[in-house]
Amino acid sequence: MTRTHGLIGKFAFAAVIATACAAADAEIINLANGDKITAAIVSSTPESVVANTVFGQVSIPRSAIANISPDAAPAAANAADAAPVAQAPAPAQQAEPAADETAPEPKAKEPEWITEYRNFIKQNFPEDWQFRVRGGAALKETTSTNFSVNLAFDAKKEWDLNKFEFTAFYDYTSETIDDITNRTLDKYGAETKFRRDVNKASNWYYENLLSYRRDTIKGIRDQVDEALVFGYRFDFKRYDFYIDIAPGPAVRYINADDYDTKWVAMAVVSESLHWDISKLMAFEQKLYAGFNLQKPEEYSVNLGLALLMHATEVMDIALRYTYSYDAVNADSAQKSEQTLLLSFEFPFNWK
């Protein structure tokens with residue numbers, strides 16, 4: 001009996017460490033004193049059980065064993081090894097916000113020189129004024145052949161119900177007659193237009209047109225025209241399109257070669273059209289026509305057409321066509337003139 005208790009004490013001590021054993025076919029040997037031994041059973045008889053432990057092979061009397069049960073730890077470990085590793089759920093991706101249709105489209109970074117150009121305009125030009133410089137070469141076919149260089153300067157200002165526009169121009173012309181006679185001619189002048197709307201809610205307006213010109217081709221030394229017209233704007237905002245039509249009385253002072261009349265009372269009509277075809281292209285048309293109230297056969301017509309293309313941030317390219325017929329002059333003076341001009345235009349705050 002003493003020997004049996006000695007074996008039990010020995011195996012009780014071993015059981016504390018034997019619990020760390022995890023053989024492939026390990027079992028739990030529950031001893032009568034409450035201790036447990038994890039071991040692999042080698043053989044068993046009614047008298048004893050032979051098992052492999054971490055201390056080697058031992059023989060345990062049946063009287064010291066309460067029961068033997070399978071070890072669940074290895075099975076659980078094997079099941080855990082066989083099961084697919086559960087991966088942590090991927091962080092939920094935030095849904096991209098819906099595009100704001102009203103938000104401005106992102107623009108590519110502008111070249112530094114454009115930024116410097118804009119800063120120069122802001123520092124040196126008043127904000128409430130708009131300016132534009134135009135220039136180009138023209139080929140004219142009339143009763144002679146003319147090659148000319150055209151320069152022009154435009155300015156305008158809008159405030160309250162008022163709008164003021166100013167244009168100054170200069171044409172240097174080389175004329176060839178019958179392919180033989182060559183001469184150098186020029187034409188220059190200035191035009192102003194002051195307009196006042198009746199009120200903000202109305203399309204009615206009145207306008208004062210004043211111009212001065214000198215034209216050596218037509219023998220005009222000095223010519224001043226002034227008209228006071230009353231007009232209406234047909235505004236088709238849906239199509240970015242409008243037409244202004246304004247008739248009224250006018251007076252002309254003309255000092256021309258071989259023409260005795262100095263003052264001419266006239267009736268005129270002024271018409272203009274503007275259409276923004278797209279962000280990069282626009283079309284303009286202007287007409288000014290009138291006749292001598294005392295001699296209706298003496299009349300004048302000036303028609304201008306322009307197709308403007310916004311080539312860059314700082315330059316527009318325009319194809320401008322003009323036609324004029326002016327019989328309010330000497331019978332021998334040149335009456336008609338056509339011009340097709342490729343113009344390079346540089347706007348300053350121009351809208």
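The stretch between VAL149 and ALA311, if pulled fully straight at 0.36 nm per residue, gains 56.2 nm over its current Cα-Cα span. Taking label points 7 Å from Cα along the Cα-to-Cβ direction, TRP159 and ARG183 give a separation of 4.6 nm. The order of the peptides 281-292, 38-49 by mean Cβ neighbours within 10 Å, most packed first, is 281-292, 38-49. Peptides 120-133, 321-334 ranked from most to least packed, by the mean per-residue count of other Cβ atoms within 10 Å: 321-334, 120-133.
Of the cross-linked pairs LYS187/LYS351; LYS122/LYS237; LYS163/LYS351; LYS122/LYS156; LYS156/LYS286, those separated by over 22 Å at the C-alpha level are LYS187/LYS351; LYS122/LYS237.
The fraction of all Cα pairs in the range 153-222 landing in successive 10 Å bins from 0 to the largest distance is 17, 33, 22, 16, 9, 3, given as whole percents. Considering the range 127-276, its Cα convex hull presents a mean projected area of 11.1 nm². Placing a pseudo-label 7 Å from each Cα along the Cα-to-Cβ vector at ARG118 and VAL301 gives an inter-label distance of 4.5 nm.
Where a number appears in this text, it was derived from the coordinates with a stated rule and is not lab data. Just so it is clear, the model here is predicted, and its values are computed rather than measured. With ideal geometry, Cβ positions are generated from the backbone for all residues, glycine too; neighbour counts draw on all protein chains shown.
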